[in-house]
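What follows is a short report on a single structure.
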2 protein chains.
Amino acid sequence: MDYLVQSGDTLTGMEPSTQWTTKGATTRARIVEATADAILARGIGGTSLDDVRAATATSKSQLFHYFPGGKAELVRAVVGLQGERVLDAQRPALDALTTWEAWDRWREQVLAHYEAQHGWGCPIGSLASEAAGSDAALAAELVQYLRHWRDQLQAGLETMQADGLLRADADPERLATTVLAAVQGGLLLTQTEQALWPLDAALEGALATLRSHAA
Amino acid sequence: MDYLVQSGDTLTGMEPSTQWTTKGATTRARIVEATADAILARGIGGTSLDDVRAATATSKSQLFHYFPGGKAELVRAVVGLQGERVLDAQRPALDALTTWEAWDRWREQVLAHYEAQHGWGCPIGSLASEAAGSDAALAAELVQYLRHWRDQLQAGLETMQADGLLRADADPERLATTVLAAVQGGLLLTQTEQALWPLDAALEGALATLRSHAA
């Protein structure tokens with residue numbers, strides 16, 4: 001969250017927020033957070049600007065002051081916020097997945113984070129699924145977050161391969177994709193079952209797959 | 001599809017379509033199919049009854065003749081159609097996953113089906129994700145399809161355990177969940193990357209996890 005307010009240099013190159021005063025930036029961030037919650041609950045298609053105004057007690061002119069581009073600009077800001085949130089929730093483990101112990105810590109961190117989310121799915125996965133068929137530009141932004149996420153998993157595996165922990169014939173990109181798919185699919189089943197165990201089972205399976213390539 | 005038109009005895013107990021003449025049933029099925037396509041592209045929230053009327057060249061009164069309950073009833077019919085389609089696409093392999101060769105055939109069948117879908121995600125997974133936060137009754141119907149799907153995977157593993165192909169300490173329910181999560185997460189990444197290899201990688205990983213429990 002701090003990242004979004006303090007700097008415009010996010011992954012997808014959002015406009016710098018230095019154009020706002022501190023108070024303005026706070027108000028803007030509050031609107032983005034409330035919209036993120038609404039979209040998590042009802043999807044992009046199910047969230048109107050009137051919903052956002054009601055949830056944040058802002059006027060129409062205030063909303064367009066902060067988001068001249070209207071709903072599209074607001075949704076892009078939500079994507080930026082959720083993209084950073086999802087990756088931040090996995091840090092610091094995500095930045096150094098270079099030992100088997102680090103992968104176990106990462107798994108615990110992911111489970112703890114989503115347990116605290118009370119049964120929501122992955123904000124990025126849900127947005128990506130909704131945007132894929134309806135908004136090519138937004139889908140392209142979302143795929144950048146998913147690739148960045150996979151790249152982090154892959155980087156750890158490449159280091160482990162260089163360090164002799166992972167077999168030379170293992171494919172870090174495919175293995176990282178297997179793990180990310182397990183997170184996404186596990187979260188979908190955790191959301192639909194309203195229970196954490198499907199995500200736990202999916203992650204256990206994915207890490208077992210990784211270990212089957214141990215050197 | 002035939003299943004939906006010929007009988008109302010679907011998984012979630014939809015109303016019998018025997019109330020319609022053959023021509024009426026055909027028209028109704030055509031509306032459901034067109035709505036399914038629209039929802040696959042733009043989500044439930046992004047699909048209006050006006051969109052459906054335009055896509056099917058039906059009048060408002062015709063639409064309410066076939067779906068007196070309006071959009072909610074139409075969406076339930078789409079769930080029934082997509083639920084059956086998704087399971088049918090895995091048959092006959094899905095009904096007898098009782099050998100390692102059967103699992104390989106199932107994997108090939110899933111890949112071939114989704115390759116032909118031109119980059120859509122899983123209709124059931126996408127609907128479940130959208131309904132989870134916004135429509136408890138619909139979410140409850142969707143979870144039945146996901147459970148039925150998992151039960152089929154699990155039944156195969158239980159038979160393999162009884163036949164001595166899978167170790168006695170393996171947990172068929174968790175393993176089936178791992179495989180279903182791989183399908184769902186793999187399809188999400190296949191949809192966002194517009195390429196089949198993420199699903200392929202995810203399924204390869206999931207089947208490797210299964211085989212690591214071979215007796």
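Points to keep in mind about this one:
- Here's the picture: charge each Lys and Arg Cβ at +1 and each Asp and Glu Cβ at -1 in the protein assembly as shown, and of A:Gly43, B:Gly156, A:Leu165 the one pushed furthest to the positive end of that dipole is A:Gly43.
- Other copies of A:Ala89: label-to-label distances in nm, shortest first, labels 7 Å along the beta-carbon direction: 2.7
- The base-10 log of I(q)/I(0) for segment B:139-190, evaluated at q = 0.25 Å⁻¹, reads -0.92 [Debye formula, identical scatterers on Cα atoms, solvent excluded].
- Angstrom value of the Kirkwood radius, inverse mean 1/r, which spans all Cα pairs in the protein assembly as shown: 22.7
- Inter-copy label distances for B:Gln109: 4.1 nm (label point placed 7 Å from Cα along Cα→Cβ; shortest first).
- Pair-distance profile P(r), taking every C-alpha pair of segment A:68-215, with 10 angstrom steps and integer %: 12, 40, 33, 14, 2, 0
- Amide H partners (placed H, <5 Å) of A:Leu166, local residues excluded: A:Gln161, A:Ala215
- Scattering profile of segment A:27-134 at q = 0.15, 0.19 Å⁻¹ [log10 I(q)/I(0), Debye over alpha-carbon scatterers]: -0.69, -0.95
- Spin-label zone in segment A:88-105 - amide nitrogen under 17 Å from a point set 7 Å from the Cα of A:Asp163 along the C-beta vector: A:92-105
- Near-label residues of segment B:141-183 by backbone N, under 16 Å of a point 7 Å along Cα→Cβ of B:Glu101: B:160, B:165
- For A:Thr47, no residue 5 or more places off, or on another chain, has a built amide H under 5 Å of its own.
- Cα centroid separation, segment A:22-61 to segment B:31-94: 30 Å.
- Size of electric dipole in the protein assembly as shown: Cβ of Lys, Arg +1 and of Asp, Glu -1, about Cα centre, debye, nearest 20: 1160
- Between copies, A:Thr21 shows label-point distances of 7.2 nm, shortest first, with the point placed 7 angstrom from Cα along Cα to C-beta.
- Bridging of A:Lys23 to aspartates and glutamates at a Cα separation below 15 Å is possible for A:Asp2, once same-chain residues fewer than 8 apart are set aside.
- For chain B, the dipole from Cβ point charges (+1 on Lys and Arg, -1 on Asp and Glu) about the Cα centre works out to 580 debye, to the nearest 20.
Just so you know, all these numbers are worked out from the coordinates, no wet-lab data involved. Here the structure is a predicted model, which means the values were calculated and not measured. Every residue, glycine among them, receives a Cβ derived from its backbone with ideal geometry; neighbour counts consider all protein chains shown.
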